[in-house]
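Structure first, commentary second.
Derivation of every value follows stated rules applied to the coordinates shown; laboratory data play no part. What you see is a predicted model; the values in this text were computed from it and never measured. Note: ideal-geometry Cβ built from the backbone for every residue, glycine included; neighbour counts use all protein chains shown.
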Amino acid sequence: MLSGQMGDNGWLKLNVRRDRKHERIVELLCQTKTNGKSVFSYNKDLMVFAAMVGYSHGSRKPISGDGISIILETYSSDQKDAFIYLIALMTERDGTILKDERLPEAIKIFEEYCNAGLEKITLWIDENPGDPTGVEPLINKIWEKVIKNESSTLDQISPEDVDVEF
């Protein structure tokens with residue numbers, strides 16, 4: 001990507017930012033270890049999760065001027081950059097968002113969903129001060145989403161639509 005304008009691998013050095021105001025949550029979920037493990041192994045994993053939370057709530061929020069960057073190469077090292085492209089594509093519903101010259105725009109979309117998602121995650125954790133690890137509120141919110149998705153799927157299927165052979 002961006003091979004013509006940034007050299008063969010220049011796109012790998014593009015920054016994917018998060019707002020510094022979320023460092024307390026990033027530290028809690030990525031660096032604080034409980035029983036030898038943190039909730040997320042890497043900051044980028046939390047960023048992807050947060051972007052998905054933001055997207056699922058239809059919420060985007062611009063990054064303030066005080067951001068912390070992770071280069072795109074870090075995301076691409078284990079193909080997590082695919083989430084950046086996927087969210088941008090689902091948002092824009094236009095394949096040209098994946099073109100080299102629009103990659104910074106795709107990253108911005110991801111950053112904004114991530115920022116909104118981190119705010120939502122912070123709220124969940126702050127509403128549950130009894131769990132110093134932050135694990136319980138995340139599990140509860142994921143479970144609520146699964147139940148909601150399952151029930152909405154079941155509501156859309158009528159018994160006549162199910163073909164069962166005996």
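Here Asp81, Asp100 are placed in order of increasing Cβ neighbour count within 10 Å, fewest first, which gives Asp100, Asp81. Taking GluC sites (Glu not before Pro) as exposed when DSSP calls them loop and at most 12 other C-beta atoms lie within 10 angstrom, the chain has its longest site-free stretch at 1-126.
Here, P(r) means the percent of Cα pairs in each 5 Å bin from 0 to the largest distance; for the chain it is 2, 8, 15, 18, 17, 13, 10, 7, 5, 3, 1, 0, 0. Other residues with beta-carbon under 10 Å from the beta-carbon of Val48 carry, at +1 per Lys or Arg and -1 per Asp or Glu, a net charge of 0. For Val39, no residue has an amide H sitting under 5 Å from its own, ignoring neighbours fewer than 5 places away on the same chain, with H placed 1.01 Å from N.
Looking at the range 63-99, the trypsin sites (Lys or Arg not before Pro) that sit in a DSSP loop and have at most 13 other Cβ atoms within 10 Å of their own Cβ are Arg93, Lys99. Computed from label points 7 Å out along Cα-Cβ, the spacing between Thr133 and Ile68 is 2.2 nm. Summing Cβ point charges (Lys, Arg +1; Asp, Glu -1) relative to the Cα centre of the range 3-158 gives a dipole of roughly 140 debye. Modelled label positions at Ser151 and Lys21, each set 7 Å beyond Cα in the direction of Cβ, lie 3.3 nm from each other.
Database remark: amide H of Ile71 closer than 5 angstrom to the amide H of Val16 (H placed geometrically; neighbours at sequence offset of 5 or more, or on other chains; Pro and chain starts carry no H).
The calculated 222 nm mean residue ellipticity attributable to helices in the chain amounts to -16000 deg cm²/dmol, summing -39500 (n - 2.57) over DSSP H runs of n ≥ 4 and dividing by all residues. Listed from fewest to most Cβ neighbours within 10 Å, the set Thr34, Thr91 follows the order Thr34, Thr91.
Legend: distances between Cα atoms for Lys13/Lys141; Lys37/Lys148; Lys33/Lys99; Lys99/Lys145; Lys37/Lys99; pairs beyond 31 Å are Lys13/Lys141; Lys33/Lys99; Lys99/Lys145; Lys37/Lys99.
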